[in-house]
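Asks: Sharing a structure, written as structure tokens. Questions coming.
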Amino acid sequence: MNRQKLSIIGMPMDLGQMRRGVDMGPSAIRYAGVNERLKCLFEEIHDQGDIAIGRPEVQIDPNSNLRNLHLIAEKTEMLAEKVDHAIKGGSFPLVLGGDHSIAIGTLAGVSKHYSNLGVIWYDAHGDLNTAETSPSGNIHGMPLAISLGMGHPLLTNVGGYGPKVKPENIVIIGARSLDEGERELIKEKGIKVYTMHEIDRLGMTKVMEESITYLKERNTDGVHLSLDLDGLDPHDAPGVGTPVIGGISYRESHLAMEMLAEAQIITSAEFVEVNPILDDKNKTATVAVALMGSLFGEKLL
């Protein structure tokens, strides 16, 4: 993990789903003090501001039935370029979302710098749907499948190449809401998943130890963390668009981030789906910032 330079990139995009408000996530995270929290952990912090998304009207592609297909392809291409530029400049890229469809762009910018990228998908959902399996046509439920090269070519080819990650290099942590098509794909591809059942049974320490060992054994040369705040229980993170009860606790999540910091395997990260409209006094953004502190090695003593 590069502890010298940090590039913060805001991606205020809500095009991947239907609930307004998640476009204000980056602002809420900044208001919660992300720059101030992390300034003592890096020699330099470059906050690059937000990528311009605008207020486009919903567009449904008549051929695929996907919502905002062309707009998401365009905007995630812009994000991929920003992330790519940050890594080329020697910075650790930290992307603030926005709905989880932004991961299409983040991974497109990250993966070109690694020959065997690993991904930790910290989320209540698998985000492994395609146009054929999605119940809604919302692209925020598809970014991991797209990054595997499955989906509309406008999305799978963001960044000019694909796939971005191999199925055997993915670990999903915290899953508790999977569609039928996602369950079939997980079994078909052999994707490693720790559901809430495994977390409850094994404990977060064991889950993280196994996840870290698993990715190291695959000789990953970088690991991207994609953290959806709905991975946490709604009691701890109420400001998300698709809350699912029975999630990972605040303390368990801190432990997970602390163990990743100790392992020093994370080379890029994004925190997504903070929706201040649905939040309670910016609680979820504050949680996100606290978890970032733990991820980057913040210590009490």
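The values are calculated or read from the model by the stated rules, or taken from the named source; none is laboratory data. Since this is a predicted model, take the numbers as computed values, not measurements. Neighbour counts run over all protein chains shown; Cβ positions are idealised from the backbone, glycine included. Side chains are part of the model used for accessible areas, which takes the heavy atoms of the whole protein and leaves out ligands, DNA and RNA. Shrake-Rupley method; radii C 1.70, N 1.55, O 1.52, S 1.80 Å.
Asks: Using a Förster distance of 35 Å, how high is the FRET efficiency between Tyr161 and Arg183, based on the Cβ-Cβ distance and rounded to 0.05? List each step's numbers first, then the result.
Replies: On the way: r = 28 Å, r/R0 = 0.81.
With a Förster radius of 35 Å, E is 0.80.
Asks: Of Ile265, Ile60, which has the most accessible area with a 1.4 Å probe, and how do the rest follow in descending order?
Replies: Working: Ile265 25, Ile60 90 Å².
Reading off the accessible areas and sorting them downward yields Ile60, Ile265.
Asks: For segment 153-301, report the accessible area per residue in Å² (1.4 Å probe, heavy atoms, rounded to an integer). Please list the in-between numbers first.
Replies: Values: 6110 Å² over 149 residues.
Normalised by residue count, the accessible surface of segment 153-301 is 41 Å².
Asks: Efficiency by 1/(1 + (r/R0)^6): what FRET value for Arg201 and Ser136, r their Cβ-Cβ distance, R0 = 45 Å, to the nearest 0.05? Mind dumping the intermediate values first?
Replies: Details: r = 31 Å, r/R0 = 0.69.
So, using R0 = 45 Å, E works out to roughly 0.90.
Asks: Check segment 153-301 and count each lysine pair with an alpha-carbon distance under 23 angstrom, considering only pairs eight or more places apart or from different chains.
Replies: 16
Asks: Any chance you could look up the accessible area of Tyr161 with a 1.4 Å probe, heavy atoms only, rounded to 10 Å²?
Replies: 60 Å²
Asks: Could I ask something else about it? In deg cm²/dmol, rounded to 500, what helix-only [θ] at 222 nm does the chain give when every DSSP H run of at least 4 residues adds -39500 (n - 2.57) and the total is split over its residues?
Replies: Numbers: 11 runs with 108 residues, N = 301.
Mean residue ellipticity, 222 nm, calculated: -10500 deg cm²/dmol.
Asks: What's the carbon and sulfur percent of segment 60-127's accessible surface, probe 1.4 angstrom, rounded to a whole number? Could you put the intermediate results ahead of the total?
Replies: Numbers: 930 of 1980 Å².
Ligands and nucleic acids excluded, carbon and sulfur give 47 percent.
Asks: Of Glu258, Glu132, which has the most accessible area with a 1.4 Å probe, and how do the rest follow in descending order? Show your work: numbers first, answer last.
Replies: Numbers: Glu258 55, Glu132 155 Å².
Largest accessible area first, the residues go Glu132, Glu258.
Asks: To continue, here is another question. Hey, in the GNM for the chain with a 10 angstrom Cα cutoff, which one of Ala52, Ala32, Ala73 fluctuates hardest?
Replies: The residue with the greatest mean-square fluctuation here is Ala52.
Asks: Give the accessible area for Lys75 in Å² (nearest 10); use a 1.4 Å probe, count only protein heavy atoms, and leave out ligands, DNA and RNA.
Replies: 20 Å²
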